[in-house]
2 protein chains.
Amino acid sequence: MSENASDSPDLAPSDTASDDRTADAQADGFARVRAAHENEMAEDYVELIAELIEATGEARPVDMAERLGVKPPTVTKNLSRLTRDGLVKRERYRSIFLTEEGENLARACRERHRTVVSFLMALGIEEEVAQRDAEGIEHHVSGDTLRAFEVFLQKNS
Amino acid sequence: MSENASDSPDLAPSDTASDDRTADAQADGFARVRAAHENEMAEDYVELIAELIEATGEARPVDMAERLGVKPPTVTKNLSRLTRDGLVKRERYRSIFLTEEGENLARACRERHRTVVSFLMALGIEEEVAQRDAEGIEHHVSGDTLRAFEVFLQKNS
DNA sequence: TAGATATATTAGCCAGGGCTAACTTTACAA
DNA sequence: TTGTAAAGTTAGCCCTGGCTAATATATCTA
(Lines give C-alpha, C1' and ligand atoms only; values in the text may rest on other atoms or scores of the structure.)
Protein backbone atom coordinates (compact mmCIF):
# COMPACT_ATOMS: atom_id res chain seq x y z
CA MET A 1 0.00 0.00 0.00
CA SER A 2 2.82 2.39 0.70
CA GLU A 3 5.42 1.26 -1.80
CA ASN A 4 3.68 3.02 -4.67
CA ALA A 5 1.21 5.53 -3.40
CA SER A 6 0.90 6.97 -6.88
CA ASP A 7 -1.62 6.00 -9.60
CA SER A 8 -5.41 5.62 -9.31
CA PRO A 9 -6.53 9.11 -10.37
CA ASP A 10 -9.37 9.87 -8.02
CA LEU A 11 -11.18 13.02 -7.06
CA ALA A 12 -10.26 14.04 -3.49
CA PRO A 13 -10.24 17.60 -2.15
CA SER A 14 -6.61 18.01 -3.13
CA ASP A 15 -4.60 19.52 -0.35
CA THR A 16 -0.88 19.22 -0.54
CA ALA A 17 0.02 16.13 -2.48
CA SER A 18 -0.66 12.46 -3.06
CA ASP A 19 0.34 11.67 0.49
CA ASP A 20 -2.77 13.16 1.99
CA ARG A 21 -5.15 11.51 -0.43
CA THR A 22 -3.61 8.17 0.23
CA ALA A 23 -3.92 8.65 3.95
CA ASP A 24 -7.57 9.59 3.56
CA ALA A 25 -8.34 6.56 1.47
CA GLN A 26 -6.54 4.31 3.90
CA ALA A 27 -8.35 5.80 6.87
CA ASP A 28 -11.59 5.28 5.01
CA GLY A 29 -10.72 1.65 4.44
CA PHE A 30 -10.01 1.05 8.12
CA ALA A 31 -13.23 2.83 9.05
CA ARG A 32 -15.14 0.52 6.75
CA VAL A 33 -13.59 -2.52 8.36
CA ARG A 34 -14.55 -1.24 11.81
CA ALA A 35 -18.09 -0.61 10.60
CA ALA A 36 -18.25 -4.11 9.15
CA HIS A 37 -17.25 -5.51 12.50
CA GLU A 38 -20.18 -3.85 14.15
CA ASN A 39 -22.52 -5.72 11.83
CA GLU A 40 -20.86 -9.08 12.04
CA MET A 41 -22.60 -10.25 15.15
CA ALA A 42 -25.96 -9.25 13.75
CA GLU A 43 -25.29 -10.96 10.46
CA ASP A 44 -24.05 -14.16 12.03
CA TYR A 45 -27.00 -14.32 14.39
CA VAL A 46 -29.80 -13.69 11.90
CA GLU A 47 -28.19 -16.08 9.45
CA LEU A 48 -28.05 -18.75 12.11
CA ILE A 49 -31.59 -18.08 13.30
CA ALA A 50 -32.87 -18.48 9.76
CA GLU A 51 -30.89 -21.69 9.35
CA LEU A 52 -32.20 -23.20 12.57
CA ILE A 53 -35.80 -22.27 11.90
CA GLU A 54 -35.55 -23.81 8.48
CA ALA A 55 -33.82 -26.94 9.72
CA THR A 56 -35.65 -27.64 12.97
CA GLY A 57 -38.68 -25.38 13.03
CA GLU A 58 -37.35 -23.12 15.75
CA ALA A 59 -34.24 -21.35 16.94
CA ARG A 60 -33.41 -22.00 20.59
CA PRO A 61 -30.70 -20.08 22.45
CA VAL A 62 -29.07 -23.31 23.58
CA ASP A 63 -28.64 -24.45 19.98
CA MET A 64 -27.44 -21.07 18.85
CA ALA A 65 -24.86 -21.09 21.62
CA GLU A 66 -23.61 -24.49 20.52
CA ARG A 67 -23.37 -23.47 16.88
CA LEU A 68 -21.70 -20.18 17.67
CA GLY A 69 -19.31 -21.73 20.15
CA VAL A 70 -20.29 -19.35 22.94
CA LYS A 71 -22.14 -19.71 26.24
CA PRO A 72 -25.90 -19.20 26.52
CA PRO A 73 -25.72 -15.91 28.45
CA THR A 74 -23.80 -14.43 25.55
CA VAL A 75 -26.57 -15.41 23.19
CA THR A 76 -29.20 -13.91 25.48
CA LYS A 77 -27.33 -10.64 25.69
CA ASN A 78 -26.79 -10.42 21.96
CA LEU A 79 -30.38 -11.32 21.19
CA SER A 80 -31.39 -8.37 23.36
CA ARG A 81 -29.22 -6.13 21.24
CA LEU A 82 -30.75 -7.49 18.06
CA THR A 83 -34.22 -6.98 19.48
CA ARG A 84 -33.29 -3.43 20.40
CA ASP A 85 -32.03 -2.96 16.83
CA GLY A 86 -35.23 -4.26 15.28
CA LEU A 87 -33.90 -7.45 13.72
CA VAL A 88 -35.43 -9.93 16.14
CA LYS A 89 -38.78 -10.15 17.86
CA ARG A 90 -39.40 -12.29 20.91
CA GLU A 91 -40.70 -12.63 24.45
CA ARG A 92 -38.74 -13.84 27.44
CA TYR A 93 -38.27 -17.59 27.61
CA ARG A 94 -40.09 -17.92 24.30
CA SER A 95 -39.22 -18.58 20.71
CA ILE A 96 -37.07 -16.36 18.55
CA PHE A 97 -38.43 -14.75 15.39
CA LEU A 98 -36.87 -12.51 12.81
CA THR A 99 -38.54 -9.24 11.93
CA GLU A 100 -39.07 -8.37 8.30
CA GLU A 101 -35.78 -6.51 8.40
CA GLY A 102 -34.10 -9.46 10.05
CA GLU A 103 -35.41 -11.80 7.38
CA ASN A 104 -34.08 -9.59 4.63
CA LEU A 105 -30.69 -9.38 6.24
CA ALA A 106 -30.62 -13.13 6.77
CA ARG A 107 -31.51 -13.80 3.18
CA ALA A 108 -28.81 -11.48 1.87
CA CYS A 109 -26.23 -12.96 4.21
CA ARG A 110 -27.03 -16.51 3.30
CA GLU A 111 -26.79 -15.76 -0.40
CA ARG A 112 -23.53 -13.96 0.06
CA HIS A 113 -22.21 -16.79 2.18
CA ARG A 114 -23.14 -19.35 -0.46
CA THR A 115 -21.46 -17.28 -3.13
CA VAL A 116 -18.24 -16.87 -1.18
CA VAL A 117 -18.06 -20.57 -0.35
CA SER A 118 -18.75 -21.59 -3.95
CA PHE A 119 -16.18 -19.13 -5.17
CA LEU A 120 -13.48 -20.44 -2.86
CA MET A 121 -14.30 -24.01 -3.79
CA ALA A 122 -14.11 -23.09 -7.47
CA LEU A 123 -10.53 -22.02 -6.76
CA GLY A 124 -9.84 -25.53 -5.59
CA ILE A 125 -10.16 -25.00 -1.87
CA GLU A 126 -11.61 -27.84 0.19
CA GLU A 127 -15.17 -27.33 1.39
CA GLU A 128 -14.30 -27.38 5.07
CA VAL A 129 -11.66 -24.69 4.68
CA ALA A 130 -13.90 -22.73 2.33
CA GLN A 131 -16.65 -22.73 4.93
CA ARG A 132 -14.33 -21.57 7.66
CA ASP A 133 -12.68 -18.83 5.65
CA ALA A 134 -16.00 -17.67 4.25
CA GLU A 135 -17.28 -17.12 7.75
CA GLY A 136 -14.69 -14.42 8.24
CA ILE A 137 -14.34 -13.11 4.69
CA GLU A 138 -18.01 -12.68 3.82
CA HIS A 139 -18.47 -9.69 6.09
CA HIS A 140 -15.85 -7.72 4.19
CA VAL A 141 -16.86 -8.43 0.62
CA SER A 142 -18.19 -5.32 -1.09
CA GLY A 143 -20.91 -5.38 -3.71
CA ASP A 144 -18.33 -4.97 -6.47
CA THR A 145 -16.29 -7.88 -5.23
CA LEU A 146 -19.31 -10.09 -4.71
CA ARG A 147 -20.32 -9.43 -8.31
CA ALA A 148 -16.82 -10.31 -9.48
CA PHE A 149 -17.11 -13.60 -7.60
CA GLU A 150 -20.40 -14.32 -9.34
CA VAL A 151 -18.95 -13.52 -12.74
CA PHE A 152 -16.07 -15.86 -12.06
CA LEU A 153 -18.49 -18.59 -11.01
CA GLN A 154 -20.48 -18.22 -14.19
CA LYS A 155 -17.37 -18.46 -16.32
CA ASN A 156 -16.17 -21.49 -14.37
CA SER A 157 -19.38 -23.42 -13.92
CA MET B 1 -24.11 -23.61 5.23
CA SER B 2 -27.33 -25.15 6.42
CA GLU B 3 -29.13 -26.16 3.23
CA ASN B 4 -26.85 -29.11 2.67
CA ALA B 5 -24.91 -29.88 5.79
CA SER B 6 -23.98 -33.26 4.41
CA ASP B 7 -20.84 -34.26 2.48
CA SER B 8 -17.19 -33.46 3.32
CA PRO B 9 -16.02 -36.64 5.09
CA ASP B 10 -14.00 -35.28 7.96
CA LEU B 11 -12.57 -36.79 11.07
CA ALA B 12 -14.40 -35.47 14.14
CA PRO B 13 -14.92 -37.39 17.39
CA SER B 14 -18.19 -38.85 16.12
CA ASP B 15 -20.92 -38.53 18.67
CA THR B 16 -24.48 -38.99 17.60
CA ALA B 17 -24.85 -37.97 14.01
CA SER B 18 -23.96 -35.42 11.36
CA ASP B 19 -25.79 -32.71 13.27
CA ASP B 20 -23.25 -32.63 16.06
CA ARG B 21 -20.27 -32.63 13.78
CA THR B 22 -21.70 -29.82 11.78
CA ALA B 23 -22.37 -27.78 14.89
CA ASP B 24 -18.83 -28.42 16.10
CA ALA B 25 -17.31 -27.39 12.82
CA GLN B 26 -19.45 -24.28 12.70
CA ALA B 27 -18.56 -23.34 16.27
CA ASP B 28 -14.94 -23.85 15.37
CA GLY B 29 -15.33 -21.53 12.42
CA PHE B 30 -16.82 -18.79 14.53
CA ALA B 31 -14.11 -19.26 17.13
CA ARG B 32 -11.51 -18.79 14.44
CA VAL B 33 -13.11 -15.58 13.28
CA ARG B 34 -13.13 -14.27 16.84
CA ALA B 35 -9.48 -15.21 17.24
CA ALA B 36 -8.64 -13.47 13.97
CA HIS B 37 -10.29 -10.33 15.27
CA GLU B 38 -8.00 -10.29 18.24
CA ASN B 39 -5.01 -10.15 15.93
CA GLU B 40 -6.37 -7.61 13.51
CA MET B 41 -5.34 -4.57 15.45
CA ALA B 42 -1.84 -5.91 15.88
CA GLU B 43 -1.54 -6.78 12.21
CA ASP B 44 -2.83 -3.45 11.01
CA TYR B 45 -0.54 -1.56 13.34
CA VAL B 46 2.70 -3.37 12.61
CA GLU B 47 1.95 -3.28 8.90
CA LEU B 48 1.39 0.46 9.09
CA ILE B 49 4.47 1.04 11.23
CA ALA B 50 6.60 -0.80 8.69
CA GLU B 51 5.07 1.19 5.85
CA LEU B 52 5.68 4.51 7.54
CA ILE B 53 9.23 3.71 8.51
CA GLU B 54 9.97 2.67 4.97
CA ALA B 55 8.25 5.70 3.47
CA THR B 56 9.31 8.47 5.82
CA GLY B 57 12.02 7.04 8.02
CA GLU B 58 9.89 6.96 11.14
CA ALA B 59 6.43 6.08 12.41
CA ARG B 60 4.81 8.84 14.46
CA PRO B 61 1.59 8.33 16.38
CA VAL B 62 0.02 11.37 14.76
CA ASP B 63 0.57 9.91 11.30
CA MET B 64 -0.60 6.50 12.35
CA ALA B 65 -3.77 8.05 13.74
CA GLU B 66 -4.41 9.83 10.47
CA ARG B 67 -3.84 6.70 8.40
CA LEU B 68 -5.96 4.56 10.67
CA GLY B 69 -8.73 7.12 10.93
CA VAL B 70 -8.64 7.18 14.73
CA LYS B 71 -7.60 9.74 17.33
CA PRO B 72 -4.08 9.85 18.75
CA PRO B 73 -5.00 8.56 22.22
CA THR B 74 -6.31 5.41 20.62
CA VAL B 75 -2.97 4.89 18.94
CA THR B 76 -1.09 5.45 22.19
CA LYS B 77 -3.24 2.94 24.01
CA ASN B 78 -2.91 0.32 21.32
CA LEU B 79 0.82 0.84 21.03
CA SER B 80 1.05 0.07 24.73
CA ARG B 81 -0.74 -3.18 24.11
CA LEU B 82 1.61 -4.05 21.28
CA THR B 83 4.57 -3.21 23.49
CA ARG B 84 3.15 -5.42 26.20
CA ASP B 85 2.75 -8.18 23.61
CA GLY B 86 6.32 -7.87 22.41
CA LEU B 87 5.68 -6.59 18.91
CA VAL B 88 6.79 -3.02 19.45
CA LYS B 89 9.66 -1.44 21.34
CA ARG B 90 9.67 2.21 22.30
CA GLU B 91 10.14 4.86 24.98
CA ARG B 92 7.63 7.50 25.93
CA TYR B 93 7.45 10.43 23.51
CA ARG B 94 10.02 8.75 21.34
CA SER B 95 10.11 6.83 18.11
CA ILE B 96 8.36 3.57 17.45
CA PHE B 97 10.28 0.45 16.51
CA LEU B 98 9.21 -3.06 15.71
CA THR B 99 10.76 -5.95 17.57
CA GLU B 100 12.08 -8.90 15.61
CA GLU B 101 8.71 -10.56 16.10
CA GLY B 102 6.95 -7.39 15.00
CA GLU B 103 9.05 -7.20 11.87
CA ASN B 104 8.26 -10.76 10.97
CA LEU B 105 4.56 -10.21 11.46
CA ALA B 106 4.69 -7.01 9.43
CA ARG B 107 6.49 -8.71 6.59
CA ALA B 108 3.99 -11.56 6.47
CA CYS B 109 1.06 -9.16 6.61
CA ARG B 110 2.37 -6.96 3.87
CA GLU B 111 2.95 -9.91 1.59
CA ARG B 112 -0.47 -11.29 2.29
CA HIS B 113 -1.99 -7.89 1.70
CA ARG B 114 -0.23 -7.54 -1.65
CA THR B 115 -1.39 -10.99 -2.68
CA VAL B 116 -5.00 -10.33 -1.76
CA VAL B 117 -5.05 -6.99 -3.58
CA SER B 118 -3.42 -8.45 -6.67
CA PHE B 119 -5.82 -11.34 -6.62
CA LEU B 120 -8.88 -9.11 -6.42
CA MET B 121 -7.55 -6.90 -9.19
CA ALA B 122 -6.94 -9.98 -11.33
CA LEU B 123 -10.64 -10.66 -10.98
CA GLY B 124 -11.29 -7.29 -12.55
CA ILE B 125 -11.92 -5.28 -9.41
CA GLU B 126 -10.76 -1.67 -9.39
CA GLU B 127 -7.66 -0.98 -7.35
CA GLU B 128 -9.36 1.34 -4.92
CA VAL B 129 -12.06 -1.18 -4.10
CA ALA B 130 -9.53 -4.00 -4.02
CA GLN B 131 -7.49 -2.10 -1.46
CA ARG B 132 -10.50 -1.43 0.72
CA ASP B 133 -11.85 -4.96 0.61
CA ALA B 134 -8.42 -6.46 1.13
CA GLU B 135 -8.07 -4.51 4.36
CA GLY B 136 -10.93 -6.50 5.82
CA ILE B 137 -10.53 -9.78 3.99
CA GLU B 138 -6.83 -10.36 4.52
CA HIS B 139 -7.18 -11.16 8.20
CA HIS B 140 -9.44 -14.10 7.43
CA VAL B 141 -7.52 -15.74 4.64
CA SER B 142 -6.09 -19.08 5.71
CA GLY B 143 -2.83 -20.46 4.40
CA ASP B 144 -4.70 -22.77 2.04
CA THR B 145 -6.71 -19.96 0.58
CA LEU B 146 -3.73 -17.66 0.27
CA ARG B 147 -1.96 -20.37 -1.68
CA ALA B 148 -4.98 -20.77 -3.94
CA PHE B 149 -4.86 -17.04 -4.62
CA GLU B 150 -1.18 -17.30 -5.53
CA VAL B 151 -1.84 -20.21 -7.86
CA PHE B 152 -4.57 -18.25 -9.55
CA LEU B 153 -2.26 -15.27 -9.97
CA GLN B 154 0.42 -17.41 -11.57
CA LYS B 155 -2.06 -18.85 -14.03
CA ASN B 156 -3.44 -15.42 -14.85
CA SER B 157 -0.27 -13.36 -15.03
C1' DT C 1 17.06 30.70 24.59
C1' DA C 2 12.32 31.42 25.62
C1' DG C 3 7.81 30.95 24.40
C1' DA C 4 4.24 29.25 21.28
C1' DT C 5 2.71 25.36 18.83
C1' DA C 6 2.59 20.65 17.77
C1' DT C 7 2.71 16.13 19.44
C1' DA C 8 2.13 12.54 22.89
C1' DT C 9 0.22 10.72 26.96
C1' DT C 10 -2.97 10.04 30.86
C1' DA C 11 -7.41 9.76 32.94
C1' DG C 12 -11.80 8.55 32.62
C1' DC C 13 -15.85 7.56 29.95
C1' DC C 14 -18.65 4.32 26.71
C1' DA C 15 -20.36 0.13 24.06
C1' DG C 16 -19.42 -4.48 22.34
C1' DG C 17 -19.02 -9.13 23.27
C1' DG C 18 -16.96 -12.68 25.92
C1' DC C 19 -17.26 -15.21 30.72
C1' DT C 20 -19.11 -17.45 35.51
C1' DA C 21 -22.31 -17.85 39.22
C1' DA C 22 -26.76 -17.54 40.78
C1' DC C 23 -31.50 -17.46 39.93
C1' DT C 24 -36.05 -18.15 37.29
C1' DT C 25 -38.88 -20.41 34.28
C1' DT C 26 -40.24 -24.21 31.52
C1' DA C 27 -40.77 -28.92 30.42
C1' DC C 28 -40.80 -33.64 31.39
C1' DA C 29 -41.25 -37.77 34.01
C1' DA C 30 -42.42 -40.40 38.05
C1' DT D 1 -49.41 -33.29 40.09
C1' DT D 2 -45.29 -32.47 41.79
C1' DG D 3 -40.49 -32.28 41.72
C1' DT D 4 -36.32 -32.45 39.17
C1' DA D 5 -33.61 -31.49 35.10
C1' DA D 6 -32.92 -28.55 31.26
C1' DA D 7 -33.14 -24.13 29.36
C1' DG D 8 -33.09 -19.24 29.77
C1' DT D 9 -32.02 -15.03 32.09
C1' DT D 10 -29.80 -11.67 35.23
C1' DA D 11 -26.00 -9.72 37.61
C1' DG D 12 -21.60 -8.67 37.64
C1' DC D 13 -16.97 -9.18 36.00
C1' DC D 14 -13.20 -8.73 32.20
C1' DC D 15 -10.72 -6.95 28.04
C1' DT D 16 -10.84 -4.46 23.61
C1' DG D 17 -10.80 -0.40 21.23
C1' DG D 18 -13.14 3.75 20.39
C1' DC D 19 -13.78 8.79 22.35
C1' DT D 20 -12.89 13.69 24.88
C1' DA D 21 -10.60 16.67 28.10
C1' DA D 22 -6.68 17.69 30.48
C1' DT D 23 -1.84 17.36 31.00
C1' DA D 24 3.03 16.65 29.80
C1' DT D 25 6.74 16.74 26.65
C1' DA D 26 9.15 18.08 22.26
C1' DT D 27 10.01 20.95 18.64
C1' DC D 28 10.34 25.01 16.10
C1' DT D 29 10.69 29.85 15.60
C1' DA D 30 11.22 34.50 16.79
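The values are calculated or read from the model by the stated rules, or taken from the named source; none is laboratory data. Since this is a predicted model, take the numbers as computed values, not measurements. Here the Cβ is made from the backbone with ideal geometry for all residues, glycine too, and neighbour counts use every protein chain on show. Accessible surface is based on the protein model in full, side chains and every heavy atom, while ligands, DNA and RNA are left aside. Shrake-Rupley method; radii C 1.70, N 1.55, O 1.52, S 1.80 Å.
Buried accessible surface for the A/B chain pair comes to about 4700 Å², total over both chains, computed with a 1.4 Å probe. Once ligands and nucleic acids are excluded and a 1.4 Å probe is used, how much of A:Asp28 is accessible, expressed in Å² to the nearest 10? Around 70 Å² of this residue is reachable by solvent. Taking Cα atoms only, the orientation of helix B:100-122 departs from the longest principal axis of chain B by about 60 degrees.
Going by a ≥ b ≥ c, the root eigenvalues of the Cα gyration tensor, does the protein assembly as shown fall in the rounded group (a/c under 1.5), the prolate group (a/b larger than b/c) or the oblate group?
prolate
Computed with a 1.4 Å probe over protein heavy atoms only, the accessible surface of the protein assembly as shown comes to 55 Å² per residue. Per-residue ellipticity at 222 nm, computed for chain A from helices alone with -39500 (n - 2.57) per DSSP H run of at least four residues, works out to -23000 deg cm²/dmol.
For segment A:71-157, which trypsin sites (Lys or Arg not before Pro) are in a loop by DSSP, counting at most 10 other Cβ atoms within 10 Å?
Answer by residue number: A:Arg92, A:Arg94.
Helix A:18-56 and the longest principal axis of the C-alpha atoms of chain A enclose an angle of approximately 20°.
Chain B residue nearest the axis that carries B onto A, by Cβ, with distance in whole Å, is B:Ile137, 3. For B:Leu98, the residues whose amide H sits under 5 Å from its own are B:Lys89, ignoring neighbours fewer than 5 places away on the same chain, with H placed 1.01 Å from N. Just the protein heavy atoms count here, and of the accessible area of chain B at 1.4 Å, carbon and sulfur take up 48 percent.
Once the Cα atoms are used to define both axes, helix B:72-84 deviates from the longest principal axis of chain B by about 70 degrees. Taking all Cα pairs closer than 8 Å and separated by 6 or more residues, the relative contact order of chain A comes to 19 percent. Within segment B:46-125, the GluC sites (Glu not before Pro) that combine a DSSP coil assignment with at most 10 other C-beta atoms in a 10 angstrom radius are B:Glu91. Summarising the label geometry, the points placed 7 Å from Cα in the beta-carbon direction at B:Lys77 and A:Thr76 lie 2.9 nm from one another.
Apply the a/c threshold of 1.5 to the C-alpha gyration tensor of segment B:18-155 and tell me whether it is rounded, prolate or oblate.
Oblate, because a/c is 1.5 or more while a/b does not exceed b/c.
Averaged over peptide A:68-79, the number of partner chain Cβ atoms lying within 10 Å of each residue's Cβ comes to 2.
Distances from B:Arg84 to itself in the other copies, using label points 7 Å out along the Cα-Cβ axis, amount to 2.5 nm in increasing order.
A label point on B:Gly57, set 7 Å along the Cα-to-Cβ line, lies at 7.4 nm from each of its counterparts in the other copies, closest listed first.
Residue by residue along A:118-130, Cβ atoms of other protein chains within 10 Å of the local Cβ number 4 on average.
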